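Just below is one structure, and these are the notes that go with it.
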Amino acid sequence: MASVTGGAPVFADHMIGAALSLMALETLSALAEKALGQPALGLGDAKLAALGGTWLGLFGIAIAMAISVFSGAIVGSIGRLTGRLKPRQPFPFGPFIALGIWLVWLKGPNWWWDQWLNIF
């Protein structure tokens with residue numbers, strides 16, 4: 001609703017965020033499948049990212065995807081180190097995308113960006 005009431009620039013930002021996140025994850029999925037010989041991302045992941053882009057805008061979905069990748073890498077690494085996650089075993093990424101979207105919605109993308117900058 002905020003993107004409609006914010007006027008054309010805000011609406012355009014949210015639509016661009018949706019389109020670019022969908023295209024980015026679809027492209028990443030196709031490239032990874034070609035390289036690995038098996039599906040790497042489900043199509044639901046790309047659709048969820050597009051929904052997040054519609055909700056958060058371009059900068060918001062970029063931050064949400066960064067959080068998703070970082071948190072998924074941590075959990076996946078722990079799974080591999082403990083032996084609970086075998087090589088080439090499917091690992092759902094959608095919950096991490098949802099987590100990233102939710103966290104950005106709670107605090108806003110600028111807050112997360114400031115935290116990132118404070119780390120470095």
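Any read-out appearing in this document is the output of simple, stated calculations on the displayed coordinates, not a laboratory observation. No experiment lies behind these values; they were computed from the predicted model shown. Here the Cβ positions follow ideal geometry from the backbone for every residue, glycine too, while neighbour counts run over all protein chains shown.
Across region 5-42, which residue is surrounded by the most Cβ atoms within 10 Å (Cβ to Cβ) among those that are more than 15 Å from L58 (Cα to Cα) and β-branched (V, I, T)?
The qualifying residue surrounded by the most Cβ atoms within 10 Å (Cβ to Cβ) is T27.
Hey, can you tell me all the residues within region 76-91 that are in contact (Cβ under 8 Å) with a residue 12 or more places away in the chain and surrounded by 13 or more Cβ atoms within 10 Å (Cβ to Cβ)?
Listed by number, the residues that qualify are G76, G79, F91.
Only one of these conditions is not met by L41: (1) within 16 Å of P92 (Cβ to Cβ); (2) touching a Gly at 6+ places or on another chain (Cβ under 6 Å). Which number is it?
(2)
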